[in-house]
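Following: one structure in C-alpha cells, then a few remarks.
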C-alpha cells in the first residue's frame, strides 16, 4: 500500500473586473486511487505582487491584467 | 451492461411503478437500504432497516444553475488572509464553506510587521463577492494601532477584500475606512456573502 500526496492548480477563474481566483487541490492517493481531497483558494487583485504565485497562474494574471483592467480596478477600489 | 439496459440478474434491484416512482434496492447480500426517487410526495427517500445516505457530491467544478430553486454547488476549503505589501505574519488561517452561491468565511490573522501592507483592509477572500456589500463581524481583536470601542468590517462588492470600520468613542461617527491594523494586530472574524 502506497500513500502519495499531490498538489495541483485545478481551477483558475478571472472575474469581470480582473480578479484572478485559483484553487489548489491537495489529493491523497492510495495505490493510485484518490481517497481524499482538500482545497485551498487564493485570490489576486489586478497589479498585485505575484511573488510565490505558481507560474501557470502568473501567466494568466499577466494576460488578464492589461493597463486598462488595472486602471479600472483601481478606480473601483477608490470608490467610497 | 450497455448504457440504458439492465441485466436480468439486476432486475430485482430496480422497480418502476405506474406512477413513475423508481425504487432501487441493493442485491440480496445488502438489503438493508433502498432509495426511492421520487416517492409519491416527490421526495428522495432512503429507507430500509439501516437507512443512511453518506452525502451528496457535487462536481468539483460548479455547473451553475440560473434556477432559483436549484442547489448547484457545495465546497469547503481553506484560504489565506493577507494585508498585502511587505507585511509579515505570525498566523494566517482562513476557512470557507460555499453552499450554492452563499459563502461563509472565517479567519484569524496575526500581523507580525505590517510593513507596506494596507492598514484598513483584509484581502485574499477565496471567491469574489457579488451583488452588494456584506457585513462582517469580529469575534476578537487585539493590539490595534488605534483604540476602538466598536470594530467591524464589510465585504466589498465585486472584490475579495474586507473593509474595516470602527468607532473610537461612544457615540462617535463611524470611521470608514478605519486604519487600525498595525504591528502585532490580531483579529478573528467571519462573514457571509453571495458569490456571482
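Coordinate-derived values only; no laboratory data. Remember, it's a predicted structure, so these values are computed and weren't measured experimentally. Because the Cβ atoms are built from the backbone with ideal geometry, glycine has one as well, and the counts that use them run over all protein chains shown.
Between B:80, B:25, B:161, the GNM of chain B built on Cα springs shorter than 10 angstrom shows B:25 fluctuating the most. Label-to-label distance, residue B:140 versus residue A:76, with points set 7 angstrom from Cα along the beta-carbon direction: 3.4 nm. Listing B:79, A:65 from fewest to most neighbouring C-beta atoms within 10 Å gives A:65, B:79.
Using the scaling law 2.2 N^0.38 Å as the reference, what is the normalised Cα Rg of region B:76-194? Can you show the working numbers first?
Values: Rg = 13.5 Å, N = 119, 2.2 N^0.38 = 13.5 Å.
Normalised Rg, Cα atoms only: 1.00.
Please report, to two decimal places, log10 I(q)/I(0) for region A:1-42 at q = 0.16, 0.24, 0.26, 0.35 Å⁻¹ as given by the Debye formula with identical point scatterers on the Cα atoms and no solvent. So the normalised log intensities are -0.47, -0.75, -0.81, -1.10.
What is the ratio of the Cα radius of gyration of the protein assembly as shown to 2.2 N^0.38 Å, where N is its residue count, to two decimals?
On the way: Rg = 24.2 Å, N = 276, 2.2 N^0.38 = 18.6 Å.
My calculation over the Cα atoms of the protein assembly as shown gives 1.30.
With springs only between Cα atoms under 10 Å apart, run a GNM on chain B and tell me which of B:120, B:54, B:156 wobbles the most. Result: B:54 has the largest fluctuation of those listed.
Taking the Cβ of each residue in B:45, B:148 as the centre, tally the other Cβ atoms inside 10 Å and list the residues starting with the fewest. All intermediate terms of the calculation are to be shown ahead of the outcome.
Details: B:45 16, B:148 19.
The most exposed by this proxy come first: B:45, B:148.
In chain B, Cα pairs under 8 Å separated by at least six residues give a relative contact order of 16 percent. Rounded to the nearest 500, the 222 nm mean residue ellipticity of the protein assembly as shown from helices alone is -2500 deg cm²/dmol, with -39,500 (n - 2.57) taken per DSSP H run of at least 4 residues.
Name the residue, out of B:24, B:146, B:122, whose mean-square fluctuation peaks in a Gaussian network model built on chain B with Cα pairs under 10 Å. Largest GNM mean-square fluctuation: B:24. One quarter of the surface of the convex hull around the alpha-carbon atoms of chain A equals 6.4 nm², the direction-averaged projected area.
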